[in-house]
Amino acid sequence: MVNKVTTATIIGLEAYEVSVETDIQNGLPSFSVVGLPDTAVNEARDRVRSAIKNSCFSFPNRKIVVNLAPADLKKVGTSFDLPIAIGILLEENVLDSGLIENYAFIGELSLNGSLRGIKGVLPLVLGLKKIGITDVIVPIENVKEAALIEDINVYGAECLGDVVNHFIESKLPVCKTDPKLYLNNSSNLFEYDFKNVKGQQKAKRALEIAAAGGHNLIMMGSPGSGKTLMAKCFASILPPLEISEALELTKIYSISGLLPKETPLMANRPFRAVHHTASANGIIGGGSNPMPGEITLAHRGVLFLDEMVEFPRNVLEVLRQPLEDGEIVISRAKHSVKYPAKFMLLGAMNPCPCGYKGDKEKMCTCSEFMINRYLSKLSGPLLDRIDLLVNVPRLTAKELLNIHDSAESSEIIRKRVIMARQIQALRYKDLSILTNAELNSELIKKYCVIDQKSQLLLKDAILKFGISGRKYDRILKLARTIADLDGVQNIEQSHIMQALQYKMFDL
Ligand SMILES: [Zn+2]
C-alpha cells in the first residue's frame, strides 16, 4: 500500500502543497526519491536512513520508492527529511496513517535523528493552513516562528523520536507566539540618534518629511558634512511596523535565512546599506533558485546607497522599475517569482568628483565637464522617482562651535512622523496604500487638491525651472505630506513652497 504524508515547498514567497508518497515492495534493497528533487532532497535519503536507525526504529531492507508530488513543482531545500521518514515509519507500521490525518511535517534530520531548523517556516506553515491542515510539526528551533500563525496547532519537536511519541505516548505541547511581544515600539533602542547631529536643520527636516510620507530622498554634500551619519539616524525616526507588515517581512527574512536567532519576528523596519560593489543580482534578487535581493530585504524600510554615483549605471537603472511598481518579478525558464519591494530609497553623494564644490573652506578642483559627467550617471528617469533632493553643506569648525541649541532627539521627531502616518492610514483606509508616496496620478487628483493661488505658484515654478509632469505630481505628494505633518486637512501655499525647495535644485 502507498501512504501519503503532507508537507510543502516554497516558490518565491508562497508555499505549495507537496505530497510525499512512499511505497515499499519486496525486492533488492534500494531507496529512491523521485519527483524533481534537487541535490539536497537527494541527500535526504542518507540522512533519513541514519536518522531512522539511530532513533532505534528498524529501516526496511526492501525496495523503497518515495515520490514527491506534484512532479512538475520544483522542490528545494532540506525540509522533506521529516515527512519522508514519517512515510517510511507508516509503511513499517510504527505509526498508523489514521493518526496523521490533517497533519503536516516539516524539518531536516541529522544523522542521529535530531531535527534541525530550516528556512522559510513561516510561509510554509501559512501555506499549509490555507490548504486545510490543522496540525503541523516543525523543528523546535523554528517553533516560535511557526506559531506566529493563528488558527493552526503548531508543535516543536527535538528529534524524530519526539514526533513518533507525539502520536503514541506523550503529545507535544501546542505553541503560540504573540507577535505584539516582539514588535519594537521604542526609538531608544537605535544606535544612532538625531540628538547627536548638530545643525543641518534643512536636511533633518527633509528626512522627517521622507519618513512621514515614505518618500525617496537624496542628500548631496561634501565629505564630512554628516550625510552618512544622518542616514544612519534615519532608521530611528521611522514609524513602528504594523503587525501585518512585520509578518510580511518575517516571511522574506525567513526564506532568506536571515531571521535573527533571538526573535521569531522582524521587529524593526529594515535599513539596508548597500555598497557600490554589489551586483545587480544581489540588489534586485536572482540566482537559479531565486532569492530575494536587497530591494526586497529593504521592503517596508530603507535602501541606503552611500556614494550613490559610484554605483554602476546598470545597477542604478534596475532600481527604476521596482521604485515605480513596489515589486520585482524575477523570470526563470520554468517559472517566475514575484517579490515585494516597497522601500524608501535614501541616497548620499558628493556634489562633484573631488567632493568640495560649493564648500566654504576647500577649493573644488573639478572642471565643469568632469562635474557634468559625474552627475549624468544619475539618469533623468531615476531622478524623476526621487521626491526630495537636499543640499547638506559641510559646517566649518566655527559654525559648529556657534551652535548652542541642543538638537531634537529622534524620539520627538518620530512622534511627529507617527502622527502624520496615522493621518495617512485613516485617509487611505479603504485603499491598499499606506503612505502619500504611493499615490498614483488618479489618487493625487483626489487627495492633493490645491487652490487657485497655489496652482498659479506651481505653474510659475514649472516654467521657471523646467519641471516635468512627473515631478509636478511628486511636488503635490510632497506638499500633502508636509500638510499632514502640520496636521491640516488642506494643502496650503506654504506647503507647496516648502515642497518646491526640495525640488528646486536639479541635476
Ligand atoms: Zn570638485
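The values are calculated or read from the model by the stated rules, or taken from the named source; none is laboratory data. All figures in this text were calculated on a predicted structure; none of them were measured in a lab. Please note: Cβ atoms are built from the backbone with ideal geometry, for glycine as well, and neighbour counts cover all protein chains shown.
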What's the number of the only condition in (1) under 30 Å from the mean Cα position of the chain (by Cα); (2) modelled with pLDDT of 85 or more; (3) not hydroxyl-bearing (Ser, Thr, Tyr) that Lys471 fails to meet? (2)
Could you grab me the full set of residues in region 358-376 that are in contact (Cβ under 8 Å) with a residue 24 or more places away in the chain and either of a type in the set (Asp, Glu) or surrounded by 13 or more Cβ atoms within 10 Å (Cβ to Cβ) (or both)? Gly358, Asp359, Glu361, Lys362, Tyr374, Leu375
Would a scan of region 118-137 turn up a residue that is buried (at least 24 other Cβ atoms within 10 Å of the Cβ), at pLDDT 95 or above and closer than 20 Å to Ile52 by Cβ? yes
Show me the strands (runs of 3 or more DSSP E) found entirely inside region 1-113 where at least 2 residues are among the charged types (D, E, K, R). 14-25
Can you tell me which residue in region 333-362 is farthest from the ligand (Cβ to nearest atom), limited to those that are assigned to a strand (DSSP E or B) and more than 16 Å from the chain's Cα centre (by Cα)? Ser336
Restricting the search to region 7-57, which residues are under 28 Å from the mean Cα position of the chain (by Cα) and among the aliphatic types (A, V, I, L, M)? Ala8, Ile10, Ile11, Leu13, Ala15, Val18, Ala40, Val41
Given the residues Lys74, Lys63, which is the only one that is among the basic types (Lys, Arg) and more than 34 Å from the chain's Cα centre (by Cα)? Lys63
Considering only region 363-411, state which residues are more than 16 Å from the ligand (Cβ to nearest atom), among the hydroxyl-bearing types (Ser, Thr, Tyr) and at pLDDT 80 or above. Thr396, Ser406, Ser409, Ser410
Single residue of Asp451, Asp387 found to be more than 24 Å from the chain's Cα centre (by Cα) and among the charged types (D, E, K, R): Asp451
Condition (residue is buried (at least 17 other Cβ atoms within 10 Å of the Cβ) and either under 21 Å from Gln501 (Cβ atoms) or within 16 Å of the ligand (Cβ to nearest atom) (or both)) applied to region 421-432: is it met by at least one residue? no
Condition first: part of a helix (DSSP H, G or I), touching a Ser or Thr at 6+ places or on another chain (Cβ under 8 Å) and without any contact (Cβ under 8 Å) to a residue 40 or more places away in the chain. Now tell me which residues in region 309-332 satisfy that. Val315
If you go through region 289-297 one residue at a time, do you hit one that is closer than 27 Å to Arg116 by Cβ and charged (D, E, K, R)? no
List the residue pairs whose Cβ atoms are under 7 Å apart, where the first residue sits in region 396-412 and is over 21 Å from Pro223 (Cβ atoms), the second is loosely packed, with under 13 Cβ neighbours inside 10 Å, and the two are 6 or more positions apart or on different chains. Glu411/Asn188
Here are Leu172, Leu183: which of them is under 23 Å from the mean Cα position of the chain (by Cα) and in a loop (DSSP other than H, G, I, E, B)? Leu183
Every residue from region 40-60 that is of a type outside the set (Val, Ile, Thr) and either touching a Phe, Trp or Tyr at 6+ places or on another chain (Cβ under 8 Å) or closer than 19 Å to Val2 by Cβ (or both): Ala44, Arg45, Arg49, Lys53, Phe59, Pro60
Condition test on Asp387, is it surrounded by 17 or more Cβ atoms within 10 Å (Cβ to Cβ) and acidic (Asp, Glu)? yes
Kindly establish whether Glu317 is closer than 21 Å to Ala211 by Cα, more than 16 Å from the ligand (Cβ to nearest atom) and at pLDDT below 90. no
Is region 202-222 home to any residue that is at pLDDT below 90 and either over 22 Å from the mean Cα position of the chain (by Cα) or surrounded by fewer than 23 Cβ atoms within 10 Å (Cβ to Cβ) (or both)? no
